[in-house]
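Below is one structure; the comments refer to it alone.
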Amino acid sequence: MTNPSNRAGPLAGMKVVDLTSVVMGPVTTKILADYGADVVKVEPLEGDVMRLAAPMRSPAMGAMFLHANRNKRSLALDVKKPKGRQALLKLCADADVFISNIRGAAMQRLGIGFDDIRAVKQDIVYVSLIGYAESGPYGSRPAYDDIIQGAAAIPSVCATVTGSEPSYVPLTMVDRICGISAAHAVLAAIIHRDRTGEGQSIEVPMFETMADFVLGDHMGGRTFEPPLGPTGYSRLLARDRRPYLTKDGYICVMIYSDKQWKSFFSSIGNGPWQERADRFSAHAVRAKNYEEVYQLFGEIFPLRTTAEWMKVLATSDIPHARCTALTA
């Protein structure tokens with residue numbers, strides 16, 4: 001591991017004590033480490049549970065663990081024991097940031113709540129990554145990615161599109177989005193500390209973060225009082241919004257502006273689609289008829305191969321990409 005005193009990056013010289021596990025917290029501190037911070041990961045004696053998530057080449061070094069914990073130093077402590085707690089406090093004595101994903105009540109019982117850590121470093125930034133806001137009605141509940149996906153209506157949104165049963169997005173999406181949000185919060189708190197000399201306690205709740213994320217797209221007509229219509233953004237909920245089938249595969253295309261629309265249909269020439277192409281040539285009209293627009297593309301793209309389409313789309317300066325398989 002690189003000597004932290006020789007680390008480069010905008011956060012070089014910052015020390016972060018990382019008492020997190022699984023995905024959300026490690027993603028947060030990975031970002032800080034990538035920016036040059038000296039991150040000291042404190043694990044329980046048995047190690048972060050993600051060490052055991054296969055595949056792995058070496059024992060207790062699972063792939064997801066490696067991705068989320070690069071550029072960090074680590075040690076194991078039993079913070080439930082007095083010596084382990086004292087060792088943790090000693091680490092925090094010269095730290096800039098302390099971050100955990102343990103619920104507040106448990107942190108208080110362990111004697112490592114905000115006041116305990118601040119007693120050894122007055123200006124520390126103390127960050128709590130939790131499932132739900134402590135002051136809210138669900139504050140004491142445990143949470144994982146799947147649970148928050150459900151609470152934030154993500155499976156239901158997926159079902160609206162697919163017409164099938166609710167399903168989770170096959171990514172640790174909540175953990176990663178909330179981890180990125182937490183990294184931003186840490187950086188804002190550090191700026192505040194550098195300007196004022198004040199540390200602070202920060203709470204980053206998964207549910208509230210994801211509710212804002214989802215409703216930014218789908219609050220729709222309920223944004224207004226009185227409401228102007230239902231929730232949902234029709235473009236994202238269109239069932240034919242998907243990678244388009246070609247003669248030999250799939251392609252992802254985004255024909256969004258009026259200029260792109262005109263360029264696309266000029267490049268492919270007249271066809272049985274021309275009347276609809278003319279009718280939807282203005283963005284305002286397309287925005288009210290996304291289902292029909294995506295159906296139209298679903299009829300056109302199977303007429304050529306992926307390579308042929310990529311050449312046409314590149315010439316027309318239209319955003320596109322081959323739909324890549326994860327196994328490729």
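Please give the helix 173-196 orientation as an angle from the longest Cα principal axis of the chain, in degrees from 0 to 90, rounded to the nearest 10. Long axis of 173-196 versus the principal axis of the chain: about 60 degrees.
Sequentially through the stretch 102-112, phi angles give Karplus couplings (6.51, -1.76, 1.60; θ = phi - 60°) of 9, 4, x, 4, 5, 5, 5, 5, 6, x, 10 Hz, Gly and Pro residues having no value and appearing as x.
Between Asp94 and Ala12, how high is the FRET efficiency from 1/(1 + (r/R0)^6) when r is the Cβ-Cβ distance and R₀ = 22 Å? Nearest 0.05.
On the way: r = 15 Å, r/R0 = 0.69.
It comes out at approximately 0.90.
Restricting the count to DSSP beta bridges whose residues both fall in the chain, what percent are antiparallel, rounded to a multiple of 5? Can you show the working numbers first?
Details: 6 of 29 bridges.
Bridges in the chain that DSSP calls antiparallel: roughly 20 percent.
Here r is the Cβ-Cβ distance between Ser164 and Glu134 and R0 is 30 Å; the resulting FRET efficiency, rounded to 0.05, is 0.25. Placing a label point 7 Å from the Cα of Glu308 along the Cα-to-Cβ direction, the residues of the stretch 238-275 with a backbone N closer than 19 Å are 244-253, 264-274.
A straight chain from Arg242 to Ile180 at 0.36 nm per residue would run longer than the Cα-Cα distance by 19.7 nm. Using 0.36 nm per residue and subtracting the Cα-Cα separation, the extra length available between Asp212 and Arg73 on full extension is 46.7 nm. Against the chain, whose longest principal axis is taken from its Cα atoms, helix 24-34 shows a tilt of about 90°.
Cβ crowding within 10 Å ranks Tyr244, Tyr168 as Tyr168, Tyr244, fewest other Cβ atoms first. Cβ crowding within 10 Å, taken as a proxy for footprinting-reagent exposure, orders Glu46, Glu203 from fewest neighbours to most as Glu46, Glu203.
Once backbone amide H atoms are built at 1.01 Å from N, Val127 has Phe98, Ile99, Ser100, Ile202 as its partners under 5 Å, excluding neighbours fewer than 5 places away on the same chain. Taking the 0 to 90 degree range and rounding to the nearest ten, how far is the long axis of helix 290-300 tilted relative to the main principal axis of the chain, both from C-alpha atoms? The two axes meet at around 70 degrees. Note on the stretch 240-322: Lys pairs 8 or more places apart or on different chains, Cα atoms under 22 Å apart, count 5.
To make sure I understand, if each residue's beta carbon is the centre and we count other beta carbons within 10 Å, what order do Trp261, Trp273 fall in, fewest to most? Kindly include the intermediate steps, with their values, before the conclusion.
Details: Trp261 19, Trp273 15.
Lowest to highest Cβ neighbour count: Trp273, Trp261.
Every number in this text was worked out from the coordinates using simple rules, so none of it is lab data. Everything quoted here is computed from the prediction, not taken from an experiment. No Cβ is skipped: glycine too gets one built from the backbone with ideal geometry, and neighbour counts run over all protein chains shown.
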